[in-house]
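Have a look at the structure below before the remarks.
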Amino acid sequence: MVASRISIGVCRGLGSAKTVEDGRALIGLPMRLFPAASQSAGRCSQRRTISVKAVRAAKQAQAEAEAAAAARTTPNRPLLRPTADPFGPDRVDMSKVPIELQRARAVFRRALLQGDLPATLENYRTIAAKKAAHILGWTDYMMLLRALGRPILSAPSYMPTLADVEAMETVLADLNSQRGPTDPYPPEDIYRALLDAHGRLGNIERMTQLWEEMQAHGVNSSVESYNALMRHYTRDLQLKRVEATFQSLLAREDLQPNVQTYTQLMIARISHNDIAGALDAMAEWKGRGKKISLTMMTQLLLGYKKTLDIAGMEACVKMMNDAGFQASRAIYNTRLDAYAKAGQQAKALEILKEMRKEADAGRLAVTPNVVTFNIIIDMYSKADELDSCLKLFHEMTAAGIQPDAITYTSLMDAHRRTGHYTGVEKYFHSMKSAGIKPTSASYSVLIETRTSEETVARAVETYQEMLDADVIPRRNVFISLIRTHAKAGDLRGVREYYREMRSKKITPDTTVLTIVMSEIAMRAPPGPSLIDDMRSYYDDVEKFGRYASKISHAMLLAHIRAGAKPIDAFNALHESVFFRAGVRPSGFTLHLLMTYSKHSSNKQLAEGADTSVTSHNADAEVWDQVAALSVSSGKEPQAAAGVEHLTKALLKVGNVDNEDEVLASLSSFDSAAARERLREARVILKVFAEAIRGRNTVYNSVIFRVADHISQLVGREWLTRALKETR
């Protein structure tokens, strides 16, 4: 059979521009396969033929050259082996592959070279659907994965879709399924793109798994990968993991942290209000002989803003001016936001006026922008000043500044807070009409609005509407949904949306876990199964470090409702759920222990009743004793002096060591009952002492209630004596 041939005019093996263009049009090859064509045009006098087979070989050679060039730009070159396909050139006998799959592979490669990602993925899916991923080579996989990851690595603000991440995961899984025992793993930049994508979507668990796979497979991680991990752990408020990642980088002899690493460490510490830690990181960077960057100074400024340390913020601004950093619009906006959040409206408006004055004087770089107006609108929104919000919005649009999703969401929230629910709907639809895609925060406001106005079912419909609009739900949406069901007493809905949030790989924060665990502790059927139920949620608390006082108290309440005696429940949880979590007992701890005690005089509190500490009135007789024995010597005691006296007396009673003497005063009870009362009194006094010494809030009503409860348990003699001795 005679091979098909394309007649192309050539001179010394190089075609003329016209004939090459004709040939390219016939076989769909890019002009870059014939780089010298334009140089040789007009100099050809000979004609020869080039077979289609030769053209295809040239195309394949070009593909291999491009893959090799791409490989040379990656930080993990030794693992790539660009000059030879690790899978082997003869791994697949293509003559035995169906013609439609051969065609799909050819179109896949051509589309990949031309940058046509949709066509590339379409043909890849065709190949994968036929269980024929083995017909693709290592180079094919590398080029496809890099094409998928390019937007993530090249644009820090790019937000991938779930479909983007699923495509990368699928291709990576197919590649790994083709690997032999001696074949290399994908290079670092492939893993970095994928873990960064998961981090941006809030899937911290999968991001961590990918990082662990990299370490296990010996993939040589770059500083950029460490920085990406630290950045996403920071956003998820996981300071311990940030610190651990930083320390693991310092342990590497072949890598050195860069300015982005130290800046990210500062951001992480600032996110936990650790300004001193941020200053330490800055000092450590300077100790390496490096210059403090404007970004570092800006982050420190943001830290002062976050903690509303106005004096520290202004000192930081002065430090920046002294270092020669000119105040930028970002710095002005940071100061503006600090004063706005501190409720200092006059000072915030003064800064806005200063920005306008600077802009009028010629410094156009500090002209108020959409961020500036968003800060002021949000300030008015939080102050429930709806008219001021609307006035500034119209002023902003009249100045030609285009509002964004944050602007509209702030306006929606301003209407929600003031009960103007139709305004929420109006600005939600205005945002969509302006071609601005609503965010997860926008839908969160909408869910809470529709719940306030209508029913829980309407909130669920809004959530579905959000999914249909292809808006990725973030944690704030699930907080709104879970809180909505909690307010309605719908424990099933609370559980359901927590599960859905976790199924989307969104890590729970303290707010979510507090709502869920408090609802279960109060509303779930009592019994032993309640402990297992709560433990499953507390596993997430420990996993993500979401410790909080309300969570510890929810665990205590659950154990009590499961049948444990209050003091036994506290003793069981004191080490693991309180002390280890950094939670000190408070007035609420005392309230729970006394309310659910079988010796409690407060019989109003039945199963599921209100647990507010303010509902209990102190025993009048206790106050009478304080009045008679207080430092005011017969005069009516001042409240503060009386409470302080009573507190000292209770602390003294807690230090009584003569157990036999106390038991003697309980002779009206049998020994077992007396010892049980004494044990309960000692636990409550121990908790009281921890709460007072830990400077936790203990309301006066709780202090009087403790005195009353202790008197019921062991008699008034001990309290009376302590009051006299502390007079």
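Kindly list the number of the only condition in (1) modelled with pLDDT of 90 or more; (2) open to solvent by 50 Å² or more (accessible area, probe 1.4 Å) that fails for residue 303.
If we test residue 303 against (1) modelled with pLDDT of 90 or more; (2) open to solvent by 50 Å² or more (accessible area, probe 1.4 Å), just (2) comes out false.
In region 508-550, what count of residues is obtained for those that are within 20 Å of residue 474 (Cα to Cα) and not in a helix (DSSP H, G or I)?
4
Any residue that is open to solvent by 10 Å² or more (accessible area, probe 1.4 Å) and either farther than 30 Å from residue 544 by Cα or over 27 Å from the mean Cα position of the chain (by Cα) (or both) - is there at least one of those in region 193-209?
no
Would you point out the residue of region 361-374, among those that are modelled with pLDDT under 90 and open to solvent by 60 Å² or more (accessible area, probe 1.4 Å), that is nearest to residue 398 (Cα to Cα)?
Only one residue fits best here, namely 364.
Give just the number: which of (1) buried (at least 18 other Cβ atoms within 10 Å of the Cβ); (2) in contact with a Gly (Cβ under 7 Å, 6 or more places away or on another chain) does residue 240 not satisfy?
(1)
Kindly provide the set of residues from region 88-109 that are open to solvent by less than 80 Å² (accessible area, probe 1.4 Å), part of a helix (DSSP H, G or I) and at pLDDT 85 or above, ordered by number.
101, 102, 104, 105, 106, 107, 108, 109
Got at least one residue in region 532-539 being without any contact (Cβ under 8 Å) to a residue 12 or more places away in the chain, polar (S, T, N, Q) and over 20 Å from residue 162 (Cβ atoms)?
yes
If you scan region 130-153, which residues turn out to be assigned to a helix (DSSP H, G or I), under 27 Å from residue 182 (Cα atoms) and open to solvent by 60 Å² or more (accessible area, probe 1.4 Å)?
134
In the list 477, 460, which residue meets the criterion of being touching a residue at least 12 places away in the same chain (Cβ under 8 Å), more than 18 Å from residue 409 (Cβ to Cβ) and aliphatic (A, V, I, L, M)?
Only one candidate qualifies: 460.
Looking at region 326-345 only, could you name the residues that are in a helix (DSSP H, G or I), closer than 12 Å to residue 380 by Cα and open to solvent by 40 Å² or more (accessible area, probe 1.4 Å)?
341, 345 - these are the residues of region 326-345 that are in a helix (DSSP H, G or I), closer than 12 Å to residue 380 by Cα and open to solvent by 40 Å² or more (accessible area, probe 1.4 Å).
Residues 254, 274: which one is open to solvent by 10 Å² or more (accessible area, probe 1.4 Å) and closer than 30 Å to residue 183 by Cβ? Quick ask: steps written out before the conclusion?
Working: 274 fails: closer than 30 Å to residue 183 by Cβ.
The unique qualifying residue is 254.
Quick check, is residue 352 out of contact with any His (no Cβ under 6 Å at 6 or more places or on another chain) and crowded, with 18+ Cβ neighbours inside 10 Å? Talk me through it step by step, then tell me what you get.
Details: out of contact with any His (no Cβ under 6 Å at 6 or more places or on another chain): yes; crowded, with 18+ Cβ neighbours inside 10 Å: yes.
Yes, satisfied.
Just one of 503, 552 is of a type in the set (S, T, N, Q), open to solvent by 30 Å² or more (accessible area, probe 1.4 Å) and either more than 14 Å from residue 596 (Cβ to Cβ) or touching a residue at least 24 places away in the same chain (Cβ under 8 Å) (or both); which is it? Walk me through it before giving the result.
Numbers: 552 fails: open to solvent by 30 Å² or more (accessible area, probe 1.4 Å).
Within the list 503, 552, the selection yields 503.
Could we say that residue 261 is closer than 15 Å to residue 297 by Cα and not hydrophobic (A, V, I, L, M, F, W, C) here?
Taking the combined requirement at face value, the residue satisfies it.
Just need a number here: residues in region 179-192 that are of a type outside the set (D, E, K, R) and surrounded by fewer than 18 Cβ atoms within 10 Å (Cβ to Cβ).
Within region 179-192, residues that are of a type outside the set (D, E, K, R) and surrounded by fewer than 18 Cβ atoms within 10 Å (Cβ to Cβ) number 4.
Let me spell it out: the conditions are (1) surrounded by 14 or more Cβ atoms within 10 Å (Cβ to Cβ); (2) not in a loop (DSSP other than H, G, I, E, B), and residue 158 meets all of them except one. Which number is the exception?
Of (1) surrounded by 14 or more Cβ atoms within 10 Å (Cβ to Cβ); (2) not in a loop (DSSP other than H, G, I, E, B), only one is false for residue 158: (2).
Filter region 306-324 down to the residues that are in a helix (DSSP H, G or I) and among the acidic types (Asp, Glu) and list them by number.
314, 322
Go through (1) touching a residue at least 24 places away in the same chain (Cβ under 8 Å); (2) closer than 18 Å to residue 115 by Cα one by one and return the number of the condition residue 175 breaks.
If we test residue 175 against (1) touching a residue at least 24 places away in the same chain (Cβ under 8 Å); (2) closer than 18 Å to residue 115 by Cα, just (2) comes out false.
Considering only residues of region 533-549 that are of a type in the set (Phe, Trp, Tyr) and in contact with a helix residue (DSSP H, G or I) (Cβ under 7 Å, 6 or more places away or on another chain), which is surrounded by the fewest Cβ atoms within 10 Å (Cβ to Cβ)?
Taking the candidates together, the pick is 547.
Is it true that some residue in region 514-537 is within 17 Å of the chain's Cα centre (by Cα) and under 24 Å from residue 558 (Cβ atoms)?
Looking for residues that are within 17 Å of the chain's Cα centre (by Cα) and under 24 Å from residue 558 (Cβ atoms), one finds at least one in region 514-537, hence yes.
For the condition among the charged types (D, E, K, R), free of Cβ contacts under 8 Å to residues at least 24 places away in the same chain and in a loop (DSSP other than H, G, I, E, B), what is the one hit in 253, 284? Reasoning before the result, please.
Working: 284 fails: in a loop (DSSP other than H, G, I, E, B).
Matching residue, one of 253, 284: 253.
Somewhere in region 431-441, is a residue within 30 Å of residue 162 (Cβ to Cβ), under 25 Å from the mean Cα position of the chain (by Cα) and not in a loop (DSSP other than H, G, I, E, B)?
yes
From (1) closer than 20 Å to residue 306 by Cβ; (2) part of a helix (DSSP H, G or I), pick out the condition that doesn't hold for residue 273.
So residue 273 meets the others, but not (2).
Could you go through region 463-483 and let me know if any residue there is of a type in the set (Val, Ile, Thr), surrounded by 15 or more Cβ atoms within 10 Å (Cβ to Cβ) and touching a His at 6+ places or on another chain (Cβ under 8 Å).
Our first condition is that a residue be of a type in the set (Val, Ile, Thr); within region 463-483, this holds for 471-472, 477, 479, 482.
From what's left, surrounded by 15 or more Cβ atoms within 10 Å (Cβ to Cβ): 471-472, 477, 479, 482.
Still in the list and also touching a His at 6+ places or on another chain (Cβ under 8 Å): none.
Checking region 463-483: not a single residue is of a type in the set (Val, Ile, Thr), surrounded by 15 or more Cβ atoms within 10 Å (Cβ to Cβ) and touching a His at 6+ places or on another chain (Cβ under 8 Å).
The values are calculated or read from the model by the stated rules, or taken from the named source; none is laboratory data. Because the structure is a prediction, the values reported are computed rather than measured. Counting neighbours? That spans all protein chains shown, and the Cβs are built from the backbone with ideal geometry, glycine included. These accessible areas exclude ligands, DNA and RNA; they are computed on the full protein's heavy atoms, side chains included. Shrake-Rupley method; radii C 1.70, N 1.55, O 1.52, S 1.80 Å.
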